[in-house]
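Report on the structure given below.
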Amino acid sequence: MASLSIRNVRKVYPNGAEVLKGIDLEIKDGEFLILVGGSGCGKSTLLNMIAGLESVSEGEILIGDRCVNDVPPKSRDIAMVFQSYALYPTMTVRENISFGLGLRKVPKDEQKRIVERVAETLQMTHLLDRKPALLSGGQRQRVAMGRAIARDPSLFLFDEPLSNLDAKLRVEMRAEIKLMHQRLGTTIVYVTHDQIEAMTLGDKIAVMRDGVVQQFGSPQDIYDRPDNIYVAGFIGSPSMNFLRGKLTQQDNAVAFALEHEGHTTLLPLPQDVAASAAAWIGREVILGIRPEHVTDAESARNEAHDDYSPTEVDCLVEMTEPTGPDTLVFAWFNGARATCRTHPRAGAAPKAHIKLAFDLSKAMLFDPQSEQRLGM
């Protein structure tokens, strides 16, 4: 395995289009890096540059201690798993996995040992004599992964490998990829637009937008402390709620003015949140709060403790989405629809009133102009 260093990497095409605008990333040997972002953010271009399929306009890419800017793909000691499985239809699973080994003149006995080890790792020994036409989508992707593992590369590259699978298979294959990483201790760079894949798989996440890394860190750190509104809204499902409103002084405390149904409720902010916004009293800010931190009052009371004192607000339910373990409630605050996560037995129903509790200890404030989180 090997570490990966991406140092001030830019990509500019001959027509002047700048796709990557100075990317700096470092991952250690054995880490799992996720490149995540919307379409056109540059994540696949960056992966192709690591693979050697795209040239580097400026900066350096190092695999281990070796700069690979001018090294051809076949000499970079990498293996790539694509969105399409790219299997040979006339070959069995065994032959597909061993094909690259044969090209490298690996002895037959060793090829057999490698194929059996890979098949056992991915739990597909029983599939070795089948052809791709007889495999499900998930099984085909497992074969594509097996072919990559058989090469025993320094670095694995995954380019949206699960996007062709249905929802159930995506969940199963996420688990397979995570188990593979745990068993092999491999260094992986994985491109996806799916933030759930990013949160569940990665040791580190780079959230990209318009050729720029918006934030780089651990999944939990990015979820709990997003640097800006884009990251806060992209990571998390359902997305974070963003409410525009003014800050006001209330009994030596700072509060956020919440407008709903013609009423104003002042939401007192905890000291650490308020401290970041002392200069914003009387001005408009954006309050960000995740759906799980706006719940039915009864559930909130049951979870209350010394450090958690929820603020209750009576509101009109616009729509509900039962999911089984909880019910998503949609209501309007400050002219914006907010998503709230409630207990299924809370009794929320469209056009009915419900008391919702805001856990403001988990709230954060953003600058409406720069969209950066206050107090960074």
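The values are calculated or read from the model by the stated rules, or taken from the named source; none is laboratory data. From a predicted model like this one, the values you see are computed outputs, not experimental measurements. Reconstructed Cβ throughout: ideal geometry from the backbone, glycine too, with neighbour counts over all protein chains shown. Quick note on the areas: whole protein, heavy atoms, side chains included, nothing else; ligands and nucleic acids left out. Shrake-Rupley method; radii C 1.70, N 1.55, O 1.52, S 1.80 Å.
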* To do: Using a 1.4 angstrom probe, figure out how much accessible area segment 138-238 has per residue, in square angstrom, rounded to the nearest whole.
  => 35
* Remind me, relative contact order of segment 1-109 in percent, using alpha carbon pairs under 8 angstrom and six or more residues apart? -> 25
* Asked: Restricting to the chain, what percent of DSSP beta bridges are antiparallel, rounded to 5?
  -> 75
* Of the listed pairs 246/355; 204/362; 28/178; 246/351; 178/362, which have alpha-carbon separations greater than 25 Å here? => 246/351; 178/362
* Looking at segment 278-376, which GluC sites (Glu not before Pro) are DSSP coil and have at most 16 other C-beta atoms within 10 Å of their C-beta? -> 318, 371
* To do: List the residues whose amide H sits under 5 Å from the amide H of residue 208, counting only those 5 or more places along or on another chain, with H placed 1.01 Å from N in the peptide plane.
  => 36, 37, 214
* Structure fact -> Shape call for segment 129-270, from the Cα gyration tensor axes a ≥ b ≥ c (a/c under 1.5 means rounded, otherwise prolate when a/b beats b/c, else oblate), comes out prolate
* Structure fact -> Rounded to a whole %, the carbon-and-sulfur portion of the accessible area of segment 208-355 at a 1.4 Å probe is 47
* Asked: Quick one: helix 93-103 against the long Cα principal axis of the chain, what's the angle to the nearest 10°, folded into 0 to 90?
  -> 60
* Extension gain residue 163-residue 57, at 0.36 nm per residue separation less the Cα-Cα distance, in nm? -> 35.2 nm
* Asked: Alpha carbon centre of segment 196-229 versus segment 14-70: separation in Å?
  -> 16
* In the neighborhood of residue 335, defined by Cβ-to-Cβ distances under 10 Å, what is the net charge if each Lys or Arg adds +1 and each Asp or Glu adds -1? -> +1
* Asked: Put a dot 7 Å past each Cα toward the Cβ at residue 15 and residue 376; how far apart are the dots in nm?
  -> 3.2
* Asked: Taking the chain as a Gaussian network, where each spring joins two C-alpha atoms under 10 Å apart, which residue of 109, 272, 24 fluctuates the most?
  -> 109
* To do: Over all alpha-carbon pairs of segment 190-291, lay out the pair-distance distribution in 5 Å bins, whole %, shortest bin first.
  => 2, 11, 20, 19, 15, 12, 10, 7, 3, 0, 0
* Structure fact -> Taking a probe of 1.4 Å and leaving out DNA, RNA and ligands, segment 1-71 shows per residue an accessible area in Å² of 43
* **Within segment 294-376, trypsin sites (Lys or Arg not before Pro) in DSSP loop having at most 14 other beta-carbon neighbours inside 10 Å** => 351
* Tilt of helix 167-184 relative to the longest C-alpha principal axis of the chain, in degrees (0 to 90, nearest 10)? -> 60
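With a 1.4 Å probe and all protein chains left in place, how much of the accessible area of segment 1-131 comes from carbon and sulfur atoms, in whole percent?
48
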* Ratio of segment 35-194's C-alpha Rg to 2.2 N^0.38 Å, to two decimals? -> 1.05
* To do: Taking volume of the Cα convex hull per residue in Å³ as the quantity of interest, determine which of (i) 144; (ii) 186; (iii) 177 was computed from the displayed structure.
  => (iii)
* **Gyration tensor verdict on segment 280-376 (Cα atoms; rounded if a/c is under 1.5, prolate if a/b is larger than b/c, oblate otherwise)** => prolate
* To do: Have a look at segment 69-152 and give its Rg and Dmax from the Cα atoms, expressed in angstrom.
  => 12.7, 42
* Eligible lysines near residue 105 by straight Cα distance, threshold 19 Å, same-chain separation 8 or greater -> 74
* Asked: Against the longest principal axis of the chain, how steep is helix 137-150, in degrees 0 to 90 to the nearest 10, with axes from Cα atoms?
  -> 60
* To do: Once you have a ≥ b ≥ c as the square roots of the Cα gyration tensor eigenvalues for segment 120-201, tell me rounded if a/c is under 1.5, and otherwise prolate or oblate according to whether a/b is larger than b/c.
  => oblate
* If you average the sequence gap of Cα pairs under 8 Å that are 6 or more apart and divide by the length of segment 47-183, what percent do you get for the contact order? -> 32
* Return a whole-number percent for the relative contact order of the chain, with Cα pairs under 8 Å and 6 or more residues apart as the contact set. => 15
* Asked: What is the gain in length, in nm to one decimal, between residue 67 and residue 303 on full extension, counting 0.36 nm per residue of separation less the C-alpha to C-alpha distance?
  -> 79.7 nm
* To do: Please give the FRET efficiency for residue 353 paired with residue 116, using the beta carbon to beta carbon distance and R0 = 45 Å, rounded to the nearest 0.05.
  => 0.10
